[in-house]
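Q: One structure, pasted below without further comment.
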Amino acid sequence: MKRFLKHVHSVHLRIINKFKHTFPGFYALIGGIGLITFWYGWTEFLHTTQILQHPVVSMLIGLSIMFGTGLIVAIFVGDKHGMDADDGQSELDRSYLERRLHMLDKYAQQEEMIESEEYFS
């Protein structure tokens, strides 16, 4: 049974990967529709639950979920994940700045090439 399930899973992954690379736009559309219908079903479920009809109860449950997952800290205090211990700079900020500096260097080199070849004579 385990071997059969492993084979089915392998075939499923091959089909999904082929479909994903052959029709990426359609694959994204299907994923988006799935995401929207999931959240629509979730909100409809919450509307039918009697205990969540009171706004204070809903806020308390939502806050407890956000505290439990650490999301409330990331939103109100700031997300410190990926920070370097030396300078406190985020890895994302550093990579963005490095890309911008690389792009500016490339433009400066192109400008020097244009000036040295006398395009305007």
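None of the figures in this text is laboratory data; all of them are computed from the coordinates on show. Note that the coordinates shown come from a computational prediction; the quantities given were computed from them, not determined experimentally. Note that we place each Cβ from the backbone using ideal geometry, even for glycine, and neighbour counts take in every protein chain shown.
Q: Among all residue pairs at least 6 apart or on different chains, which show Cβ distances below 9 Å where the first residue, located in region 58-70, is small (Gly, Ala, Ser) and the second is surrounded by 11 or more Cβ atoms within 10 Å (Cβ to Cβ)?
A: Short answer, once both residue conditions are applied: Ser58/Leu46; Ser58/Leu52.
Q: If the requirement is being farther than 22 Å from Leu71 by Cα and either charged (D, E, K, R) or surrounded by fewer than 10 Cβ atoms within 10 Å (Cβ to Cβ) (or both), which of these qualifies: Gly25, Gly41?
A: Gly25
Q: Is it fair to say Phe4 is surrounded by 10 or more Cβ atoms within 10 Å (Cβ to Cβ), of a type in the set (Phe, Trp, Tyr) and free of Cβ contacts under 8 Å to residues at least 12 places away in the same chain?
A: No.
Q: Follow-up question, since we're still on this one. Residues of region 45-60 being surrounded by 10 or more Cβ atoms within 10 Å (Cβ to Cβ) and in a helix (DSSP H, G or I), which ones?
A: The answer is Phe45, Leu46, Leu52, Gln53, Val57, Ser58, Met59, Leu60.
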